[in-house]
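Here, each number is a calculation from the coordinates, and none is a lab measurement. Since the structure is predicted, the reported quantities are computational estimates derived from the model, not experimental observations. In this analysis, Cβ positions are derived from the backbone assuming ideal geometry, glycine residues included, and neighbour counts consider all displayed protein chains.
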């Protein structure tokens, strides 16, 4: 009789299911992630709703809001959706206040998989310490507090800044879903990235973020001394 035994995946240790994210405030040094509320609409609109900021919606599923009330309607829907939305509040500096939003989506506690998405970084937030810390807070929450094994990042394959950000944060490119969506009448190929709990904890990603975010890594003008990629490389060499 032929041997019918086949290769099987490794047994997964730990809790069977991860926890679902809650509407809690996540506090960082430079930024606070606050559960999205309708009361945040006016502050958000100042940074993401004006005509001059229309370009930041190019790769989003929605067109720019035409006025505050249209954004308010969207915010009301997002605040009640199965996805978990946060506003991004910068604590100090010239851009202090609510300057964007971000969320968890495709939340699968049974498989311990979750995605960071709906990333709306206004020009005031882009390429700032606060932007990086927002991702750190969500990754730490997903892996440390909720027990997820896999954290995903997906974007339009034409969105080069998003792809570069994913790579900088330590997400690994996993492939391209061709003709994945039709968005605003146009084709969208989706680039897939992910990081794993083992990479976050044992692979040094968490420690690299914390070293980069430490006050000692910034000069008196707030400029970084070492790049996040340098800390990641150093931690990777130690594992």
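Counting every C-alpha pair in the stretch 46-114, the share spaced more than 20 angstrom apart comes to 40%.
Per residue of the chain, what 222 nm ellipticity follows from adding -39500 (n - 2.57) for every DSSP H run with n ≥ 4, rounded to the nearest 500? After summing the helix terms and dividing by the residues of the chain, the value is -8000 deg cm²/dmol. The slack in the chain from residue 210 to residue 126, taken as 0.36 nm per residue of separation less the alpha-carbon distance, amounts to 28.3 nm. The length gained on full extension between residue 55 and residue 91, counted as 0.36 nm times the residue separation minus their Cα-Cα distance, comes to 10.4 nm.
Between 0 and 90 degrees, the angle of helix 129-140 with respect to the longest Cα principal axis of the chain falls at about 40 degrees. Legend: ranking of residues 212, 55 from fewest to most surrounding C-beta atoms inside 10 Å; resulting order 55, 212.
The gain in end-to-end length when the residue 178 to residue 230 segment is fully stretched comes to 15.5 nm, 0.36 nm per residue minus the alpha carbon separation. Taking all C-alpha pairs of the stretch 26-202, those more than 28 Å from each other amount to 20 percent.
Between the Cα long axis of helix 160-169 and the first principal axis of the chain there is an angle of about 60°, rounded to the nearest 10. Against the main long axis of the alpha-carbon atoms of the chain, helix 228-238 sits at an angle near 20°. Take the Cβ atoms of residue 144 and residue 223, set R0 to 30 Å, and the FRET efficiency comes out at 0.55. Under the simplified labelling scheme, the residue 62-residue 160 pair shows an inter-label distance of 2.8 nm, with each label point 7 Å from Cα along Cα→Cβ.
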